[in-house]
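Colleague: Mind looking over this structure? Questions follow.
The values are calculated or read from the model by the stated rules, or taken from the named source; none is laboratory data. All values reported here derive from a predicted model rather than from experimental measurement. Neighbour counts run over all protein chains shown; Cβ positions are idealised from the backbone, glycine included.
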Amino acid sequence: MEIRPGVLRTQDSCFTDLPDWPFAPHYVEVPDERLGPLRMHYIDEGEPNAPVVLMLHGNPTWSYLYRHMIGPVVAAGYRVIAPDLIGFGRSDKPARREDYGFDRFVMWIRHFVEALDLTGATLVCQDWGGPIGLRVVAGDPDRFVAVLATNTLLPNCDPPPLGPADWPGEQIEAWIETCRTVDDLPLENLVSRACVKRPADDVLAAYAAPYPDKSYKAGMLQITCGIPIANGQEGLQANRAAWDFLEGWDRPFLTAFSDGDPATIAWEALFQARVAGAKGQPHTRIAGAGHFVQEEQGGALAKVLVEFLEQNRASV
């Protein structure tokens with residue numbers, strides 16, 4: 001459904017009766033110089049004055065990815081905010097690929113954090129939620145008190161010890177080329193292939209719900225093309241600046257990667273070695289999960305997160 005030239009919005013009827021998804025939608029507008037204000041969807045659960053946990057998804061998922069984690073974290077006394085990136089979920093979707101870019105994704109989330117005036121927040125980030133979210137933390141660190149990173153990265157194209165060896169490698173380059181040259185990819189296959197065990201059909205249909213046809217998938221395809229893999233590409237210098245910031249940021253930074261995600265595991269040790277706040281943290285591996293650890297082991301990751309939150313609360 002086109003709401004104005006160049007911007008699509010998935011109809012609400014696409015989101016009815018999704019499995020394990022009882023959460024009410026919330027919306028806020030974020031500014032965009034080219035397109036005008038864009039509506040971002042987010043989940044907001046828990047007491048309004050409780051400590052904030054900001055959960056950022058990646059590609060090709062949406063906030064539905066966090067459904068197994070929201071309840072346990074709220075029950076532990078926290079407020080969970082889980083937005084959909086622009087181009088994903090129930091958020092507005094620019095229809096043209098050229099309206100997306102790494103820096104624009106960062107800008108949209110930065111505006112989102114500012115619009116909700118989030119403070120004292122713990123960032124939980126996976127996949128693209130990491131590069132986007134960590135850039136936002138680096139740009140406005142006073143709003144954040146901690147980070148939990150799982151199956152994510154912050155591409156910098158630097159050799160070891162500043163970056164992982166043999167990255168990006170042929171697999172990443174081939175994936176970027178695929179996304180650059182096709183005009184459609186099936187959500188169900190993308191999610192299921194990155195899991196240890198194939199999710200149920202109704203769950204896979206829920207992940208695909210925001211995209212009634214391929215015209216809604218420009219952001220999903222273009223975000224991959226924005227991975228900086230060479231000098232001069234958009235976002236690379238800002239990523240390196242974020243790494244410089246993180247090397248001196250001593251607030252708690254925990255890694256909880258899964259044991260079945262070869263695409264990101266090389267970044268686990270890098271975060272532990274380079275981020276000041278990662279020193280001495282109880283880093284862990286989540287067993288029995290592929291790339292989408294929240295989907296397959298959301299309960300286990302929620303337990304790690306709550307323990308991390310309680311540890312940080314006790315140390316304040």
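Colleague: Check off (1) in contact (Cβ under 8 Å) with a residue 60 or more places away in the chain; (2) touching a Lys or Arg at 6+ places or on another chain (Cβ under 8 Å); (3) closer than 28 Å to Val304 by Cα for Leu185 and give me the number that stays unchecked.
Modeller: All conditions pass for Leu185, except number (3).
Colleague: Only residues that are in contact with a strand residue (DSSP E or B) (Cβ under 6 Å, 6 or more places away or on another chain) and either surrounded by 19 or more Cβ atoms within 10 Å (Cβ to Cβ) or touching a residue at least 24 places away in the same chain (Cβ under 8 Å) (or both): list them for region 8-26, please.
Modeller: Of everything in region 8-26, those that are in contact with a strand residue (DSSP E or B) (Cβ under 6 Å, 6 or more places away or on another chain) and either surrounded by 19 or more Cβ atoms within 10 Å (Cβ to Cβ) or touching a residue at least 24 places away in the same chain (Cβ under 8 Å) (or both) turn out to be Leu8, Arg9, Phe23, Pro25.
Colleague: Taking the options Val106, Val74, Val53, name whichever one is crowded, with 20+ Cβ neighbours inside 10 Å, over 21 Å from Ala200 (Cβ atoms), out of contact with any Lys or Arg (no Cβ under 6 Å at 6 or more places or on another chain) and of a type in the set (A, V, I, L, M, F, W, C).
Modeller: Result: Val53 is the single residue among Val106, Val74, Val53 that is crowded, with 20+ Cβ neighbours inside 10 Å, over 21 Å from Ala200 (Cβ atoms), out of contact with any Lys or Arg (no Cβ under 6 Å at 6 or more places or on another chain) and of a type in the set (A, V, I, L, M, F, W, C).
Colleague: State all residues of region 207-257 that are closer than 30 Å to Asp12 by Cα and of a type in the set (Gly, Ala, Ser); if no residue qualifies, say none.
Modeller: Answer for region 207-257, where residues must be closer than 30 Å to Asp12 by Cα and of a type in the set (Gly, Ala, Ser): Ala208, Ala209, Ser215, Ala218, Gly219, Gly226.
Colleague: Sticking with this one: Residue by residue through region 168-190, note down the ones that are in a helix (DSSP H, G or I) and among the β-branched types (Val, Ile, Thr).
Modeller: Passing the criteria: Ile172, Ile176, Thr178, Thr181.
Colleague: Just checking, does region 277-299 include any residue being at pLDDT 95 or above, basic (Lys, Arg) and either within 30 Å of Leu8 (Cα to Cα) or part of a helix (DSSP H, G or I) (or both)? Before you say what the answer is, go through the steps one by one.
Modeller: Step one: list which residues in region 277-299 are at pLDDT 95 or above, which gives 277-299.
Filter once more, keeping what is basic (Lys, Arg): 279, 285.
Going one step further and asking which of them are either within 30 Å of Leu8 (Cα to Cα) or part of a helix (DSSP H, G or I) (or both), we end up with none.
So far as region 277-299 goes, no, none of its residues is at pLDDT 95 or above, basic (Lys, Arg) and either within 30 Å of Leu8 (Cα to Cα) or part of a helix (DSSP H, G or I) (or both).
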